[in-house]
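Novice: The structure that follows is given in the form of structure tokens.
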Amino acid sequence: MESTMDPSIEAQIREWRSYLLRRNTIHHIDVDELEDHLRSQISELGAAGLDGDESFLVAIKRIGGVNELSREFARERSSQLWKQLVLAGDSGRERSGSEYAGLLVTICFAICAALAFKLPAAFGINPFVEGTSDSANVDADASFYLRNASLLALPFLIGFLAWKRSLPARVIAGLAVPFIAAAILVNAFPFQRGGDTEILAAIHLPIILWLVAGVAYLGGAWRADAPRMDFVRFTGEWFIYYTLIAFGGVVLVALTVGVFQAIEIDVETLIGSWVLPCGAVGAVVVVAWLVEAKQSVIENMAPVLTSVFTPLFALMLVAAILGMALTGNIIDAERDVLILLDVLLVLVLGLVLNSFSARDSDARPTLMDAVQLVLVVSALVIDVLALAAILSRITEFGFTPNRTAGLELNVVLLANLVWSAWLLSAFLRGRRPFSDLDRWQTTYIPVYAVWAAIVVAVFPPLFAFD
Amino acid sequence: MYNASMQAKRDVRIAKDLVAASAIPLVLAILDEGESYGYAILKRIDELSGGELEWTDGMLYPLLHRLDRLGYVEARWDSPRGGRRRRYYRITPSGRNALSEQRRQWEVVSAALQNAWHSLQVVSPTPLSGTVEG
């Protein structure tokens, strides 16, 4: 069936192929299939006596216009999305059954998480109610929750993921180790109440535990790079979903309080001490289920959000750099400013990661990649300026937990951004494949775990639990 | 998809709606004869309809995707040594069910039309072919 074609025809077929591939909706395998069709047709027409060019033209015409074709493929693929949404299971009647079972198990895990989160209340630890006990007690309770919130909530997320992935008991036991270790550390350390090391540990502990959840998400196969990208995607989608649901929850709570106020029933205590904490914790599990079950919704939304916000963030950072350059005002090394900058940089990194994870790594460089380079480079500049500010403050006033943590975070981000910028520009110049960027980001993930572990476990003793 | 499936250069014989409606049962019936691939399916449609059902060839492929998604057919790539790879489609049991259901419906429609035309002929003796082609 393979017939050697005239070289000029081969060239025309190649051109036609790349023309088709430029349509996003026609995938590689579709083009392969259409090419097979085209070649069969050309051979047959050739056998019937047409010359090469003629048979090529007739065959192309019979296949149909590229616009029509890509529209048809798009329609087929978009309807596929909706089909997946409605019919997530395997086949036939089992589908609804197993989906309901999944939902039921999810709800059980969510309820358990909420109950576990409120369990300390049974021992009198309840910072959610104001004015019931003296203020010192409330402070101690708040400090307990500050340190332990993620330890109470995330095991159920991991349990849910372990159930989803049917992890072997050995792996689950392995996953429990960091939780137990962290629980012992943060509760045994003699933190000074409200001290910086306590707050830093409380902020960084969820990062480690989230990455542990990542191991569960990947079914224990966390060593491979490609699945790690799936977890990055999961994280981004989880974040978006959680934000949406939190917004909805706030509206609901506000309305509830309003309605009950109107009929003069006071529900604020109930909502403050039960509904809000339980809802927030239960949502952690439910959102994870939603991300898995209704993946295609967010799959469409996440890339849109990133392409909306990547240029906006890039613009904002460039404007900030220009502002600093024009006025000569450099970054004020105030703690609040530095925290703000770090939040900004982490967000930028999240944006970059999210757009990497949503990207088809075979695709050619686009304008969006150039915008991303602008974003990464300007984030890099801001990072360097922030680092300089922190360093000058450290040389002037010495090390404190906050400054050291800031320094560490900025160095971690700097290393990532420098190499990302380099890889991105090499990709734009066509020197390196995009997959190198993916691989760099996924290889870097353990660095975050190590960094967070240092802040949680090493900082408190280092700075005398201040 | 099939609203654009008629080929423009030929004299339009079968209305595009009809081509569209018959597309799925035809393809399923052809695959019921045995595993096949895109080009051969189109040849077979040509053969079965005596060349009167004209498709825009490319439109077969989104349709095959759809059948694949619905679980009516299974697709696989075959790459013979020294040849180019080709995608083959095979009908599944659920495709056969769909086919027999489609067939039942088409037979009802076709029988109804037969009856209708039969009574039409009783009322007006104009030859059938004249009214259709006019």
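Novice: Any chance region A:220-234 includes a residue that's more than 17 Å from A:PRO446 (Cβ to Cβ) and small (Gly, Ala, Ser)?
Specialist: No, there is no match, as no residue in region A:220-234 is more than 17 Å from A:PRO446 (Cβ to Cβ) and small (Gly, Ala, Ser).
Novice: Suppose we filter B:ARG69, B:ARG76 for residues that are of a type in the set (D, E, K, R), at pLDDT below 90, closer than 30 Å to A:LEU38 by Cβ and assigned to a helix (DSSP H, G or I); which single one remains?
Specialist: Answer to the selection: B:ARG69.
Novice: Moving to a separate point now. So which of B:ARG86, B:ARG69, B:ARG96 ends up being closer than 20 Å to A:ALA59 by Cα and basic (Lys, Arg)?
Specialist: B:ARG86
Novice: Quick one: which residue in A:GLY92, A:GLY131 is at pLDDT below 70 and in the same structural domain as A:ILE158 (by TED's automatic domain parsing)?
Specialist: One residue alone meets the criteria, A:GLY131.
Novice: Report yes if A:VAL284 is of a type outside the set (Ser, Thr, Tyr), within 21 Å of A:SER357 (Cβ to Cβ), in contact with a helix residue (DSSP H, G or I) (Cβ under 6 Å, 6 or more places away or on another chain) and modelled with pLDDT of 90 or more, otherwise no.
Specialist: yes
Novice: Among the residues of region B:84-100, which ones are assigned to a helix (DSSP H, G or I) and in contact with a helix residue (DSSP H, G or I) (Cβ under 9 Å, 6 or more places away or on another chain)?
Specialist: Answer for region B:84-100, where residues must be assigned to a helix (DSSP H, G or I) and in contact with a helix residue (DSSP H, G or I) (Cβ under 9 Å, 6 or more places away or on another chain): B:SER94, B:GLY95, B:ARG96, B:ALA98, B:LEU99.
Novice: Just name the residue that is surrounded by the fewest Cβ atoms within 10 Å (Cβ to Cβ) out of those in region B:45-83 that are at the interface with another protein chain (Cβ under 7 Å from one of its Cβ atoms) and out of contact with any helix residue (DSSP H, G or I) (no Cβ under 9 Å at 6 or more places or on another chain).
Specialist: This residue is B:GLY82.
Novice: On to the next question. Only one of (1) modelled with pLDDT of 85 or more; (2) facing another protein chain (nearest Cβ under 10 Å) fails for A:GLY46. Which number is that?
Specialist: (2)
Novice: Now, a different point. Against the condition surrounded by 10 or more Cβ atoms within 10 Å (Cβ to Cβ), more than 14 Å from chain A (Cβ to nearest Cβ) and modelled with pLDDT under 80, how does B:GLN105 come out, does it pass?
Specialist: Considered against the rule, which asks whether it is surrounded by 10 or more Cβ atoms within 10 Å (Cβ to Cβ), more than 14 Å from chain A (Cβ to nearest Cβ) and modelled with pLDDT under 80, B:GLN105 comes out as no.
Novice: Ok, one more. Working only within region B:23-33, note down all residues that are without any contact (Cβ under 8 Å) to a residue 40 or more places away in the chain and more than 17 Å from B:GLY58 (Cβ to Cβ).
Specialist: Of everything in region B:23-33, those that are without any contact (Cβ under 8 Å) to a residue 40 or more places away in the chain and more than 17 Å from B:GLY58 (Cβ to Cβ) turn out to be B:ILE30, B:GLU33.
Novice: Output the residues belonging to region B:84-97 that are over 16 Å from B:ALA29 (Cβ atoms) and either more than 10 Å from every other protein chain (Cβ to nearest Cβ) or touching a residue at least 24 places away in the same chain (Cβ under 8 Å) (or both).
Specialist: Passing the criteria: B:ARG86, B:ARG87, B:TYR88.
Novice: Before we move on, is A:THR306 modelled with pLDDT of 90 or more, among the hydroxyl-bearing types (Ser, Thr, Tyr) and farther than 30 Å from A:LEU167 by Cα?
Specialist: So A:THR306 fails the test.
The values are calculated or read from the model by the stated rules, or taken from the named source; none is laboratory data. As the structure is a prediction and not an experimental result, all values here were calculated from the model. Cβ coordinates were reconstructed from backbone atoms using ideal geometry, including for glycine residues, and neighbour counts include every protein chain displayed.
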